[in-house]
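Accompanying notes for the structure given below.
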Amino acid sequence: MIKRLATNFSISLEAVLANKLRSFLTALGIIFGVSAVIAMVSIGSGAQQEIMDQIKLVGVNNIVVKPIVEQEEGQIEENASTESGKKNLSTGLTIYDAESIQKIIPGITRISPEIIIDTYVTRNAFRRSAKLVGVDNTYFEVSGFDLSQGKFFNDEHIRYGRAVCIIGNNIKSRFFSEEDPIGKKIKVGDHWLKVIGVLSERYISKKFISNLGIRDYNMDVYTPLNTVLIRYENRNLITDAKIKLFNRTAPEEREEFPNYHQLDRLTIQVQETEQLNGIAQVLSKLLKRKHNEIVDYEISIPEMLLKQQQRTKSVFNFVLGAIAAISLLVGGIGIMNIMLASVLERIKEIGIRKAVGAKRKDIAFQFILEAVLISFSGGIVGVILGILIAFFISNLAEIPTIISIFSILLSFGVAVSIGIIFGYTPARKAAAQDPILSLRYE
């Protein structure tokens with residue numbers, strides 16, 4: 001049995017090699033189809049992983065409140081006026097808003113306030129722009145951050161605003177490339193902060209930084225919220241003075257309205273996904289009342305945007321997968337056509353093989369093997385081409401790719417299946433040839 005299989009395989013291989021160009025042209029459909037499958041699955045898996053990383057970065061079930069920094073006096077006067085005719089004034093987004101939200105609105109698990117300051121980091125005569133972010137430990141829980149070194153803030157750091165910080169991975173690479181940063185000091189703005197921790201590196205593509213309002217966390221310096229308010233800036237303390245000065249200034253002399261918000265971002269984690277929209281509506285009404293009917297904030301749900309992006313990419317990958325499947329189908333039809341033509345060309349050969357003792361199943365198996373060899377070799381070339389295409393697209397469009405064993409095995413499985421399925425009809429036709437008529441065929 002094994003000898004018979006080896007003989008049939010040898011004859012099939014010889015037939016394929018005898019017509020190299022025709023075999024290659026026949027395999028082109030398989031090559032393009034398999035390479036498309038490999039590339040699409042790799043790019044789709046990379047895109048899926050990237051989206052999951054972004055969901056982790058913005059947090060799960062989060063509502064984000066951001067202040068509207070610029071607001072003209074005309075808008076305030078038109079939208080917010082009291083019965084006495086005086087202008088309503090808002091104290092902006094503050095820590096007290098965060099406390100009220102936590103106390104009043106049910107279904108909220110965590111609230112993370114942030115203050116973000118554009119500044120410079122200096123050490124050993126090297127200076128680089130960075131962001132100083134005032135947070136508490138809730139921020140790291142909501143955003144899913146882990147430490148690669150050191151520890152998070154303790155109660156004393158948070159309560160008294162100690163001069164300590166946790167740095168991003170890239171800050172460590174640039175300022176502490178050859179030494180352990182824990183316990184050492186780094187100058188952030190006008191103040192020296194002691195490094196107590198280093199965040200694990202987080203990958204984020206540039207397009208998501210702009211699309212989702214996400215910073216490059218690896219280049220941030222994190223310090224307790226009170227440290228920023230005490231040592232750097234508390235915009236809420238001068239809010240009234242700024243507004244009074246603005247009101248006393250003639251309209252033609254007024255400059256851009258100053259940022260009077262104490263917080264730059266407020267992230268609210270909701271317990272259940274189904275509660276996101278309802279809590280967002282209640283939150284909007286609460287903030288509007290606390291801000292004296294002035295809507296100087298915006299509320300967004302990043303998870304919804306991410307899900308929409310994921311849905312869009314899924315549809316895109318489905319369309320590309322369908323195109324790849326069509327390519328494989330066309331390749332299979334090409335194999336069947338060539339093998340049918342091959343049967344007509346080799347009728348006499350079939351008659352001779354039958355005359356010397358070959359059975360019908362030997363003839364059928366020979367032609368099926370030829371189809372499988374063509375599709376299998378096309379699959380190998382297609383896998384290599386698909387990997388190259390995936391890397392090319394990844395570098396060109398900055399899209400991450402994940403080449404899995406599954407996609408390679410799937411491609412080989414599809415290639416072999418196409419050889420068997422589309423090679424069966426020609427093989428059956430060859431096996432059905434009458435040996436006497438075949439020997440007389442010219």
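The values are calculated or read from the model by the stated rules, or taken from the named source; none is laboratory data. Please read these numbers as outputs of a predicted model, since none were measured by experiment. Reconstructed Cβ throughout: ideal geometry from the backbone, glycine too, with neighbour counts over all protein chains shown.
Just to be sure I understand, how many residues within segment 389-400 are touching a residue at least 40 places away in the same chain (Cβ under 8 Å) and surrounded by fewer than 22 Cβ atoms within 10 Å (Cβ to Cβ)?
From segment 389-400, those touching a residue at least 40 places away in the same chain (Cβ under 8 Å) are 389-390, 393-394, 398-400; that's our starting set.
In the following step, the residues that additionally are surrounded by fewer than 22 Cβ atoms within 10 Å (Cβ to Cβ) were identified as 389, 393-394, 398-400.
Final tally of qualifying residues: 6.
Determine which member of the set Phe392, Phe412 is modelled with pLDDT under 75 and among the aromatic types (Phe, Trp, Tyr). First the steps, then the outcome.
Working: Phe392 fails: modelled with pLDDT under 75.
Going through Phe392, Phe412 in turn, just one is modelled with pLDDT under 75 and among the aromatic types (Phe, Trp, Tyr): Phe412.
Within segment 136-158, can you find the residues that are assigned to a strand (DSSP E or B) and either more than 21 Å from Asp180 (Cβ to Cβ) or not aliphatic (A, V, I, L, M) (or both)? Let's see the steps before the verdict.
Residues of segment 136-158 assigned to a strand (DSSP E or B): 147-150.
Answer for segment 136-158, where residues must be assigned to a strand (DSSP E or B) and either more than 21 Å from Asp180 (Cβ to Cβ) or not aliphatic (A, V, I, L, M) (or both): Ser148, Gln149, Gly150.
So which of Leu320, Leu340, Leu266 ends up being under 23 Å from Gly46 (Cα atoms), of a type in the set (A, V, I, L, M) and either at pLDDT below 70 or touching a Pro at 6+ places or on another chain (Cβ under 6 Å) (or both)?
On the way: Leu340 fails: under 23 Å from Gly46 (Cα atoms); Leu266 fails: under 23 Å from Gly46 (Cα atoms).
The conditions single out Leu320.
Of all residues in segment 115-146 being exposed (fewer than 14 other Cβ atoms within 10 Å of the Cβ) and polar (S, T, N, Q), which is modelled with the highest pLDDT?
Looking at residues that are exposed (fewer than 14 other Cβ atoms within 10 Å of the Cβ) and polar (S, T, N, Q), I get Ser129.
Keeping to segment 105-135, report how many residues are without any contact (Cβ under 8 Å) to a residue 24 or more places away in the chain and assigned to a strand (DSSP E or B).
3
Each row is one residue, and each column tells you yes or no for (1) more than 14 Å from Val221 (Cα to Cα); (2) surrounded by 14 or more Cβ atoms within 10 Å (Cβ to Cβ); (3) in contact with a strand residue (DSSP E or B) (Cβ under 9 Å, 6 or more places away or on another chain); (4) assigned by TED's automatic domain parsing to the domain that holds Gly92.
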position	(1), (2), (3), (4)
Ser148	yes, no, yes, yes
Gly161	yes, yes, yes, yes
Cys165	no, yes, yes, yes
Phe175	no, yes, yes, yes
